[in-house]
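Notes follow the structure.
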Amino acid sequence: MKKLGSKRVQLLQEFQDKILYQFKNVELLNRAFTHSSYANEHKKRKMLCNERLEFLGDSILSVVVSDFIFNKYPNYPEGELTKLRATVVCEPSLAYVAQRLNLGKYLLLGKGEEATGGRERVSILADVFEAVIGSIYLDGKLDISSKFILSNLEDIIDEAVKGNLFIDYKTELQEVLQKTTKADIKYIVLKEEGPDHNKTFHVGVKVGDELLGEGIGKSKKEAEQSCAKEALNRIGDCHE
């Protein structure tokens, strides 16, 4: 394996500082961020992609979340526990967590994936989150990986229990539109109402010059989610 360049080392150190864990073997972390498209484009360097780490991380994620909800919700029957776990570890919620951690910034992608927005693709982000879990497990064992998982997913578990099923409509809309267009997706503030401490935002989502949806919210993020949902409803791809 070729030695990591100084810029790459610096980037990986930034991530380790962010998650408050320092790898003994930083190559494991680098592998977690190596997409198969990049490894395939650099075969001479014999790079390993993150797919095996993703497989491992997926299993650890399931065990940790199962253990947590089993103990926290002792009155939940098996069926409810299964539904709750499925909601928490579904692709959109994992991609959402990956976006919060800005995992796309640290990815090594092939030119094709880079050009088609791979750094923001739901499936890639969810996979890399699982791969990072796998790398932490191999480097620091179950205790450390469990802390990483719960620190990032406990709020989503709480929301799921309240019945607020997690759906990231912005990401879902982007996934749908990427299949049919290369035009930029833009969110624009159409109007702001109310005083600074209690504003209401009216936001629209545009693809090229076409306004696909409009939404209202108490924050720009809330309004963006609302208008993305309306856009998905208009094109018939909304999943409640």
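Values quoted throughout were computed directly from the atomic coordinates according to the rules given, and no laboratory measurement underlies them. Note that the structure is a prediction, hence the values are computed from the model and not measured. A quick note on method: Cβ atoms are made from the backbone with ideal geometry, for glycine too, and the neighbour counts reach across all protein chains shown.
Results, tabulated for the structure shown:
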| item | result |
| --- | --- |
| Contact order normalised by residue count of the chain, Cα under 8 Å, 6+ apart, percent | 17 percent |
| Note, ³J(HN,Hα) from phi for segment 7-22, Karplus 6.51, -1.76, 1.60, rounded to Hz, x at Gly and Pro | 5, 5, 4, 5, 5, 5, 5, 4, 5, 4, 5, 5, 8, 6, 9, 9 |
| Gyration tensor over alpha-carbon atoms, segment 77-120, equivalent ellipsoid semi-axes in Å | 31, 10, 6 |
| In nm, spacing of pseudo-spin labels at Arg100 and Arg52 (7 Å Cα→C-beta vector) | 3.1 nm |
| Label point distance in nm, Leu150-Lys3, each placed 7 Å from Cα along Cα→Cβ | 4.0 nm |
| Residues Phe129, Phe55, Phe148 arranged by fewest to most Cβ contacts within 10 Å | Phe55, Phe148, Phe129 |
| Residue-averaged [θ]222 nm for the chain, counting only DSSP H segments that reach four residues, each worth -39500 (n - 2.57) | -19000 deg cm²/dmol |
| Cα gyration tensor of the chain - equivalent ellipsoid semi-axes, whole Å, descending | 32, 25, 16 |
| Dipole magnitude of segment 169-235 about its Cα centre (Cβ charges: Lys, Arg +1; Asp, Glu -1), debye to nearest 20 | 120 debye |
| Mean-position separation - Cα centroids, segment 4-79 and segment 125-157, in angstrom | 7 Å |
| Candidates Lys170, Lys182, Lys44: whichever shows maximal mean-square fluctuation once the chain is modelled as a Gaussian network with Cα springs under 10 Å | Lys44 |
| Cα-based shape type of segment 147-225, given that a ≥ b ≥ c are square roots of the gyration tensor eigenvalues and the cut on a/c is 1.5 | oblate |
